[in-house]
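These notes are about the structure you will find just below.
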Amino acid sequence: MKYIVLLLVCFMFSCETKKDVQLSKANISIVKDVQDHSPIYIFFKTEGKDTIAEVNRKNSIISTNWIFNIDKRLPLKLVIPEVIKLQEKKRGDSAHKNEKAQNYYSYADSIGKNLAFLPFTKVYYKMNKPKFGILIYFTKMNSILVNGIFVEKSNLQNYLTNLDSDKPNKFIFSFNPNMSFENYIQNKILIASLKFPDYSLKNEEFIF
């Protein structure tokens, strides 16, 4: 019951609008608590046959941690352009900038029965295909291709670790634009569990 009430509190945007956000679910908490935060909501909305990502950030304060509460049903092609705009606004506001303030996606930990948060402050999103690197591509159906070769999730770490190369590997994470936000969160948690040398990763993700 406590878990349900907690989620309802997070879902409810305000008593006036009575809009809600269906949060993504995963089975582990990356971060369990975030202090000094402002909420940002991206709602799932339909107009006729069209799906729309409706953003509300009127209660957000630049100098705080931002928590993005995003409806799990929305596809990345609608979510990420809005996230990019908000990131750029926060990064560009030098007058109120707080170097310690982070950005987090919220989701529900279905095992721990609590709200959880996934940091993404340093991620720079690109809405195009990368031109170099080892491409780790998450498809709409949630399978994984590494440079076009299908790899099981359970074998991903081993496969990447043992890739032959005559120079240091650079791993690039990319996602299908029609992937649901919930699948994206689950894939991000998978990525967070992988181990790579620091030099092998870039702070960029590609949606194409």
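Just so you know, all these numbers are worked out from the coordinates, no wet-lab data involved. Everything numeric in this text was worked out from a predicted model, so none of it was measured. Every residue, glycine among them, receives a Cβ derived from its backbone with ideal geometry; neighbour counts consider all protein chains shown.
Dividing the summed helix terms, -39500 (n - 2.57) for each DSSP H run of n ≥ 4, by the number of residues in the chain produces a 222 nm estimate of -7000 deg cm²/dmol to the nearest 500. Reported to the nearest whole Å, the Cα centre-to-centre distance from segment 58-118 to segment 148-191 is 23.
Full extension of the segment from Ser94 to Lys170, taken as 0.36 nm per residue of separation minus the current Cα-Cα distance, would add 24.2 nm.
Bridges between two residues of the chain, per DSSP, are antiparallel at a rate of about 50%. Taking +1 at the Cβ of each Lys and Arg and -1 at the Cβ of each Asp and Glu, which of Gly133, Ile189, Phe206 sits farthest along the dipole of the chain towards its positive end, judged by Cα position relative to the Cα centre? Going by the Cα projections, it comes out as Phe206. Over segment 126-207, what is the relative contact order in whole percent, taking alpha-carbon pairs under 8 Å and six or more residues apart? 40 percent. Across all directions, the shadow cast by the convex hull of segment 2-121 built on its C-alpha atoms averages 8.0 square nanometres. Which of the residue pairs Lys129/Lys170; Lys49/Lys77; Lys45/Lys77; Lys49/Lys126; Lys72/Lys140 have a Cα-Cα distance greater than 22 Å in the structure shown? With Cα atoms farther than 22 Å apart: Lys49/Lys126. Cβ-Cβ distance of Ile111 and Lys153, R₀ of 22 Å, FRET efficiency by 1/(1 + (r/R0)^6): the value works out to about 0.80. Return, ordered by residue number, the residues of segment 22-63 whose backbone nitrogen is under 13 Å from a label point located 7 Å along Cα→Cβ of Ile84. Taking a point 7 Å out along Cα→Cβ of Ile84, no residue of segment 22-63 has its backbone N under 13 Å. For the chain, averaging the sequence separation of C-alpha pairs within contact (under 8 Å, six or more residues apart) and dividing by the residue count gives a relative contact order of 22 percent.
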